[in-house]
Amino acid sequence: MRYEKGSYRIPKSRLLERMQVDGQYSQLRIAGGMKELSTLKKELANIKPKMRPESAYLSYEEIRESEHDDLVLAASMAHWGAHKFDYLPAWVAMRR
């Protein structure tokens with residue numbers, strides 16, 4: 001992550017990994033009445049990390065190849081921002 005000229009530059013892999021980890025530990029909640037919930041679920045299902053043998057890093061190549069990844073990226077950016085700037089709901093803040 002870098003901060004330059006008034007904006008943050010965060011790799012997609014970092015955005016997605018943080019959201020995935022919070023999902024695994026029940027720290028991520030998505031509103032059930034959301035209009036595009038089924039679309040978001042489909043997009044999330046298509047994103048799977050691959051290990052890059054030359055660098056030993058995880059890569060999310062599918063997100064670059066997929067036509068429909070905008071909801072996942074928007075959700076992951078909102079999730080990152082909530083943690084970065086400490087805009088967490090009360091139920092999360094109480095668990096800290």
Can you pull out the residues in the range 1-18 that are closer than 13 Å to LYS84 by Cβ and surrounded by 10 or more Cβ atoms within 10 Å (Cβ to Cβ)? MET1, TYR8, ILE10, ARG14, LEU15, ARG18
Positions within the range 52-96 being at pLDDT 75 or above, over 14 Å from MET19 (Cβ atoms) and not acidic (Asp, Glu), in sequence order: PRO53, PHE85
If you take the residues in the range 24-44 that are over 20 Å from TRP80 (Cβ atoms) and not in a helix (DSSP H, G or I), which one is modelled with the highest pLDDT? LYS35
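The values are calculated or read from the model by the stated rules, or taken from the named source; none is laboratory data. Fair warning: this is a prediction, and the values are worked out from it, not measured in the lab. All Cβ positions, glycine included, derive from the backbone under ideal geometry; neighbour counts span all protein chains shown.
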